[in-house]
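Have a look at the structure below before the remarks.
The values are calculated or read from the model by the stated rules, or taken from the named source; none is laboratory data. None of the values given here were measured: they were computed from a predicted structure. Positions of Cβ are backbone-derived with ideal geometry, glycine not excepted, and every protein chain shown enters the neighbour counts.
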Amino acid sequence: MTERNPQAADLSGYVALITGGSSGLGFEMAKQLLSQGAAVMIAARPGKRLENAAAALNAHGYHVHALPMDVTIEASVSDAAKWVEDHFDHLDMVVNDAGIGKNAPGMEDLPEDCHFYDIPVSTVRAVIETNFIGYFIVASKFVPIMLKQGRGSLVYVSTSTNTMTKPGQLPYGPSKAGAEAMAAIMANELREQGIMVNVICPGGFTDTPMAGKGMKEFFLQNHMPILPPTILNRTISFLASPLSNGISGEKIVGKDLDAWLMNKGITFG
Ligand SMILES: NC(=O)c1ccc[n+]([C@@H]2O[C@H](COP(=O)([O-])OP(=O)(O)OC[C@H]3O[C@@H](n4cnc5c(N)ncnc54)[C@H](OP(=O)(O)O)[C@@H]3O)[C@@H](O)[C@H]2O)c1
């Protein structure tokens, strides 16, 4: 039996692709949209992680499409975009979520309080390749599908603004700052074509595999708040709803969604 959320709006016929859907925030956002009846593709690097995630979602009675795609490889993203065009007659939403942080190659052996000069240049390149260039490649291969249909929603998963410049956040913070600047340019370039581009972020440390065990223990020991991986579910559900039509160039913080909605005079769920 398919698990449906009776409280949430029906998204039958809505088609969404979520990169980074094999884990954490992306996995939970996929589950949310599936629970509302949307057709969802989860994209991640080929392998067991993606297969297991799809199997876990399908165990709830959903029919998620697992799309193997490495966001750092242009040909891989082009192939995935072609697959989507061949299998769906439209595409409503693309979520740029795939990212790496403290789990980037070369970071494993560095202490939490390391300085930027301790970080291998190869690590910086890997983070920028995934979090910035990866977001660009995905946008540049999937937005043309939306341009043909004259509508669509592109969503960038980012981080809290203060994380971008906080000590210890190189190269992750600047990779996200760059991605947000990219999203702002795209929002301006695409507004007239009916394509919305918005940034979302959890609003704090979130309990996902990216966070790493050491980091979670640090937060627990210091009684600091830890957000659940479902923190962006209502935000993505809002962005998939007709209530978000015309909203572009915004940054919505998941944990502050209600305040953001109130500020805009929008009643949602
Ligand atoms: N956790 C937090 O505290 C936090 C806070 C603010 C923002 N964020 C952002 O939220 C997003 C999701 O992170 P998360 O916390 O959910 O982490 P996560 O559980 O580690 O998920 C990261 C996802 O990215 C995918 N990915 C990594 N490199 C990829 C590549 N080259 N090609 C395709 N997919 C790739 C991973 O899939 P595979 O490994 O299977 O390829 C995985 O599905 C990231 O953009 C992150 O920066 C996280």
*Residues located in segment 188-217, provided they are part of a strand (DSSP E or B) and more than 7 Å from the ligand (Cβ to nearest atom)*: Ile195, Met196, Val197, Asn198, Val199, Ile200
*Which condition number does Ala181 fail, the rest of (1) assigned to a helix (DSSP H, G or I); (2) within 14 Å of the ligand (Cβ to nearest atom) being met?*
(2)
*Select from segment 61-77 the residues that are over 27 Å from Ala126 (Cβ atoms) and surrounded by 14 or more Cβ atoms within 10 Å (Cβ to Cβ) and list them in ascending order.*
Tyr62, Val64, His65
*Evaluate the following for Gly21: is it modelled with pLDDT of 95 or more, closer than 30 Å to Tyr172 by Cβ and not charged (D, E, K, R)?*
yes
*Where residues in segment 82-124 are among the hydroxyl-bearing types (Ser, Thr, Tyr) and surrounded by fewer than 12 Cβ atoms within 10 Å (Cβ to Cβ), which of them is farthest from Arg45 (Cα to Cα)?*
Tyr117
_Suppose we keep only residues that are within 12 Å of the ligand (Cβ to nearest atom) and surrounded by fewer than 17 Cβ atoms within 10 Å (Cβ to Cβ) within segment 156-166. Which one would you say is farthest from the chain's Cα centre (by Cα)?_
Asn162
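May I ask you to say which residue of Ala53, Ala80 is within 11 Å of the ligand (Cβ to nearest atom), touching a Phe, Trp or Tyr at 6+ places or on another chain (Cβ under 6 Å), part of a helix (DSSP H, G or I) and in contact (Cβ under 8 Å) with a residue 24 or more places away in the chain? Don't jump to the end; show me each part of the working.
On the way: Ala80 fails: touching a Phe, Trp or Tyr at 6+ places or on another chain (Cβ under 6 Å).
Only one candidate passes the filter, namely Ala53.
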_Quick check on segment 183-201: of everything there that is of a type outside the set (A, V, I, L, M) and touching a residue at least 40 places away in the same chain (Cβ under 8 Å), which residue is surrounded by the most Cβ atoms within 10 Å (Cβ to Cβ)?_
Cys201
_Candidates Ser158, Ser122, filtered to the one that is touching a residue at least 60 places away in the same chain (Cβ under 8 Å) and among the polar types (S, T, N, Q)_ = Ser158
*Report, by residue number, each residue of segment 83-110 that is within 14 Å of the ligand (Cβ to nearest atom) and among the small types (Gly, Ala, Ser).*
Ala98, Gly99, Gly101, Ala104
*Does segment 167-182 contain any residue that is buried (at least 16 other Cβ atoms within 10 Å of the Cβ) and more than 23 Å from Thr130 (Cβ to Cβ)?*
no
*Tally the residues that are touching a helix residue (DSSP H, G or I) at 6+ places or on another chain (Cβ under 7 Å), part of a loop (DSSP other than H, G, I, E, B) and within 10 Å of Gly204 (Cα to Cα), restricting the search to segment 218-230.*
1
*Find the residue count for segment 207-248, including only residues that are under 22 Å from Ala30 (Cβ atoms) and aromatic (Phe, Trp, Tyr).*
1
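Here is a list: Thr163, Thr159. Which entry is in contact with a Cys (Cβ under 9 Å, 6 or more places away or on another chain) and assigned to a helix (DSSP H, G or I)?
Numbers: Thr159 fails: assigned to a helix (DSSP H, G or I).
Thr163 is the lone residue from the list that is in contact with a Cys (Cβ under 9 Å, 6 or more places away or on another chain) and assigned to a helix (DSSP H, G or I).
Here is a check on your reading of the model: is Pro144 surrounded by fewer than 19 Cβ atoms within 10 Å (Cβ to Cβ), under 20 Å from the mean Cα position of the chain (by Cα) and either away from the ligand (no atom under 16 Å from the Cβ) or more than 27 Å from Asp79 (Cα to Cα) (or both)? Spell out how you get there, then give the answer.
On the way: surrounded by fewer than 19 Cβ atoms within 10 Å (Cβ to Cβ): yes; under 20 Å from the mean Cα position of the chain (by Cα): yes; either away from the ligand (no atom under 16 Å from the Cβ) or more than 27 Å from Asp79 (Cα to Cα) (or both): yes.
Here the answer is yes, as Pro144 does meet what is asked.
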*Residues being more than 12 Å from the ligand (Cβ to nearest atom), touching a residue at least 60 places away in the same chain (Cβ under 8 Å) and aliphatic (A, V, I, L, M): count how many of those fall in segment 125-141.*
0
*In segment 4-43, the residues that are within 16 Å of the ligand (Cβ to nearest atom) and small (Gly, Ala, Ser)*: Ala16, Gly20, Gly21, Ser22, Ser23, Gly24, Gly26, Ala30, Ala43
